[in-house]
Structures are given as structure tokens and as C-alpha cells.
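So the structure is just underneath, and the comments pick up after that.
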Amino acid sequence: MHKKILVICLVLFNLSIFSGCSAKTNPSTEVKTYPVKTIELQDKNYPVSLEYEGITGGSEVRKLSFKSSSKISKIFVSKGQHIKNGDSLIDLDKTDLNSATEASKAQMAAASAQYNKALNGAQSEDINKAQIAVKNAQANYNYYKDLYDKNVTLYEAHAIPQQEVNDTKVKLDGSENDLNSAQETLKQLQNGTREEDKQAALAQLNSAKVDYDSKVNLTQDASLKADEDGYVVDILCKEGEIQASGNPVILIRSENQVVTVGLSDTDVKKIQLGTKAQVKIDDVTTDGEVMNVVQMADKQSGTYSAEIKLLNQIDNSKFYIGQCAKVYINEGEKNGIWIPIASILNDGQDYVYVVEDGRAVRKNITLGQTNENQVCVDGLKNGDNLVNEGMKNIKAGYQVSVE
């Protein structure tokens with residue numbers, strides 16, 4: 001009996017101790033609050049642009065070559081030199097070209113004389129000469145005709161061999177042909193030149209003129225001259241070298257400074273000639289505008305080439321052909337919710353935190369166009385309080401305090 005009472009007392013004592021400890025170790029728990037900074041979102045308009053990597057150069061850089069093959073005689077310019085319209089660039093050795101031109105000129109003069117003769121008709125002395133030629137050919141024919149008849153009679157009398165008769169017949173036939181030819185020539189001179197002969201003579205004259213003009217052009221082309229103000233980009237030959245026709249010998253560019261970009265099939269439809277742009281080369285930024293858009297896509301890259309002309313040219317010493325450049329082509333303004341790019345987090349999905357009823361709420365977003373450090377997004381609305389500082393220290397549901 002006493003043992004039961006003792007056990008009951010011990011149990012009650014232990015319960016009182018545990019209840020006392022519980023009361024001391026479970027005070028009201030305090031919830032941690034995380035300090036953040038926020039901005040209230042509103043619809044805004046920001047200028048937007050198409051951003052591309054470009055290359056300096058383009059159609060403003062041209063390759064010049066000669067139409068004929070010859071030795072390089074003289075180079076008048078150097079790489080990087082500023083040139084004016086009409087300045088001499090490179091000369092070929094013109095010795096062979098000049099000889100060919102003179103020969104062609106002589107052929108043209110001969111063809112002109114033949115045409116004039118056909119056009120004006122024969123002179124009296126030409127007719128007299130033709131008449132004498134007919135008379136001589138007739139006498140020659142008569143002689144061989146008589147000789148042939150005599151030889152036939154002698155052959156029939158078995159006085160001469162057959163071979164002698166045959167030889168005389170050949171000479172008779174030849175004299176007859178000469179007579180016919182002389183008579184035809186006299187007839188043409190007396191009747192005047194036929195129309196088709198005049199046309200043939202005119203065609204020969206025109207052909208000779210074309211050949212002469214071609215030789216003159218080749219000779220003139222043997223001296224390359226600048227056809228506009230600009231700069232020498234590179235020289236691809238040396239004095240004394242034999243240069244093949246059509247091979248580039250010099251690269252020049254106009255004074256225009258141009259950057260070329262390759263546009264996607266979507267973006268090429270958004271711009272037109274005159275569209276403004278900004279171009280950044282190294283640490284220099286300047287204004288530009290679209291001056292040319294190629295209508296056919298490049299076979300290899302599938303992009304459409306566009307050229308941007310710099311409106312405010314940079315120092316020529318800092319403009320190198322083939323250099324990379326950043327190009328921002330203006331696309332107008334975009335209205336929407338714009339947020340700082342630095343406020344965006346990503347765990348495989350772009351998201352931000354907004355504050356609602358003192359707690360952090362995660363919002364998944366879709367990124368759109370950018371403007372410097374701002375980006376237009378979907379997934380947020382006017383009036384949202386975006387966490388733009390302290391967002392890396394919180395998670396969804398955390399209690400926050402806005403500073």
C-alpha cells in the first residue's frame with residue numbers, strides 16, 4: 001500500500017517537473033523578416049533596337065583590275081593613302097598594246113579605202129586596165145586554141161603522141177578560165193559595184209572600227225585612275241610582275257564609312273532604307289542609317305546583308321576594314337512592363353519576386369526586347385511591387401520588410 005502511494009507521488013512529481021520545463025522552453029516563436037527594396041511597376045515606353053554584330057567595309061570596298069595581261073610598269077600610291085578622283089593608281093607596260101593599236105588602225109584605213117572604192121565605183125584607168133587584161137587573155141586563148149586544133153590533126157595522123165595533145169588541152173582550159181575572169185572583172189567595172197559587194201565592204205569596215213576601238217580602250221585601261229575620292233585599302237601587286245587580266249591589283253574604298261550586318265529573315269522585314277542606327281566600334285559610338293539591303297539571302301548563312309552608313313564619321317585612323325562592330329538598328333518604341341535585368345533570377349525558368357501582403361511571391365516571366373539594362377517582360381502587371389534588391393536572400397513565402 002505504501003509502495004503504491006509512493007509510486008503515485010513520483011509520477012505526479014515528474015509530471016510537474018516536465019510541465020514546468022515545457023513552459024520554460026517553448027516561448028512564443030518570432031518569425032524572421034528579410035529586408036528588401038522594391039519598385040512599383042508601371043507600363044512604360046522604351047525605344048527598342050535590333051542588336052547585331054557587324055563588319056566594317058562592304059560594297060564601299062572595290063577590287064580594281066586590268067582588262068589585259070601585261071607587266072606592272074608603275075605604282076603611284078601606297079596602302080592607306082587618301083586619293084582624289086582622277087589620281088593615277090597603277091600603270092601597265094603599254095608597248096605591246098600600242099603596237100596592236102597601230103596595226104588595227106592600219107587595217108581600219110585599208111577597209112575604209114576598199115569601202116570607198118566600192119561606193120564610188122571604178123576609175124577610168126581601172127576600166128582601161130581591165131580592157132587590156134581581156135585583150136591579152138583573148139589573145140592567149142586564141143593561141144592555145146589554134147595550137148590545140150593543130151595538135152589534134154597531127155595526132156590523128158599519128159605524128160605526135162596523145163600526151164602532147166593532153167598537155168595542150170590543159171593549157172587551153174587555163175587560158176579560157178583566165179579569159180572568163182578578165183571579162184567578168186571588166187563587166188563589173190563597167191556596170192559598177194554590186195549592192196552586196198558594197199554591204200560586204202561596209203561590214204569589213206565596221207569590223208575594223210570595232211577592233212580599233214577595242215584596242216584603244218585596252219590601251220587606256222592600262223592606266224588605272226581613281227573614279228572617286230577615297231582611300232587605298234591594299235595593293236595586291238608589285239612593279240615588274242606580270243599581271244593576268246581580271247586579277248585584282250588594288251583595293252580602294254570611298255570616303256563613306258560602312259558597316260555590314262547579316263539580318264535574319266524576320267528582322268529584315270522590320271527595316272527599310274533610311275532606318276536610323278547606332279554603331280559602336282571599340283570605344284567609339286556614332287549614328288548611322290541603313291543605306292542598302294540585299295533582297296536575296298546568303299546561301300551559306302541564310303541572312304540578308306544590310307549596310308549601315310556612318311553619318312558622323314570616326315577618325316579614319318581608327319576605321320579598319322574587316323573590324324567587328326556593334327550595331328543597334330532602331331525599331332521604334334515598345335510599350336509594356338519593363339524591369340531591371342539585374343532583378344531577374346533563373347533556376348531553369350526566368351522569375352522574379354514581388355511583395356504581396358508582406359511576403360515574397362514568385363512570378364515566372366517571359367523575356368522580350370531589351371533596352372540597355374531594362375527588359376520588357378510578360379508575367380507581371382501594373383502595380384506589382386518588384387523586389388529589385390535583396391532577392392537573392394529570400395524564397396517564396398518569406399516574410400519581408402520593404403526598406
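Odds and ends about this structure:
- Radius of gyration over Kirkwood radius for the range 97-152, both on Cα atoms: the Rg/Rh ratio is 1.39.
- Fully extending the segment from residue 200 to residue 282 would add 22.7 nm, taking 0.36 nm per residue of separation and subtracting the current Cα-Cα distance.
- From the coordinates of this entry, Rg and Dmax of the Cα atoms in Å is computed, and it appears in (i) 26.9, 87; (ii) 30.4, 110; (iii) 50.7, 195 under the label (iii).
- Selection from 78, 99, 119 lying farthest towards where the dipole of the range 75-229 points positive, charges on Cβ: 119
- Spin-label model, residue 37 to residue 191: label points 7 Å out along the Cα-to-beta-carbon direction sit 11.1 nm apart.
- Hits among aspartates and glutamates - C-alpha to C-alpha of residue 171 under 18 Å, sequence gap 8 or more where chains match: 146, 149
- Listed residue (191, 242, 201) projecting farthest to the positive dipole end of the chain, Cβ model: 242
- Pair residue 95, residue 67: separation of 7 Å Cα→Cβ label points (nm): 2.3
- For the range 41-153: rounded, prolate or oblate by the Cα gyration tensor [a/c cutoff 1.5]: prolate
- Relative contact order, percent, the chain [alpha-carbon distance under 8 Å, six or more residues apart]: 30
- Charge dipole magnitude, Cβ of K and R +1, D and E -1 - the range 99-218, Cα centre, debye nearest 20: 380
- Between residue 225 and residue 314, the FRET efficiency estimated from the beta carbon spacing at R0 = 22 angstrom works out to 0.20.
- Virtual paramagnetic centre 7 Å along Cα→Cβ of residue 45, amide N under 12 Å, in the range 307-334: 332-334
- Charge dipole (Cα centre; +1 on Lys/Arg Cβ, -1 on Asp/Glu Cβ; no other charges) of the chain amounts to roughly 1920 debye.
- Ranked for footprinting exposure by Cβ neighbours inside 10 Å, fewest first, 41, 202 give 202, 41.
- Under 5 Å from the amide H of residue 227 lie the amide H atoms of 86, each residue being 5 or more positions distant or on a separate chain, with H modelled from the backbone and absent for Pro and chain starts.
- Of 74/105; 63/299; 37/270, those spanning more than 30 Å from alpha-carbon to alpha-carbon: 37/270
- Helix 2-25 axis, angle to the chain major axis (alpha carbon atoms, nearest 10°): 50
- The range 73-115 residues near the modelled residue 214 label - backbone nitrogen below 14 Å, point 7 Å along Cα→Cβ: 100-101, 104-105, 108
Bear in mind these aren't lab numbers, they're just calculated from the coordinates by the rules spelled out. What you are looking at is a predicted structure, and each value in this text was computed from that prediction instead of being measured. A quick note on method: Cβ atoms are made from the backbone with ideal geometry, for glycine too, and the neighbour counts reach across all protein chains shown.
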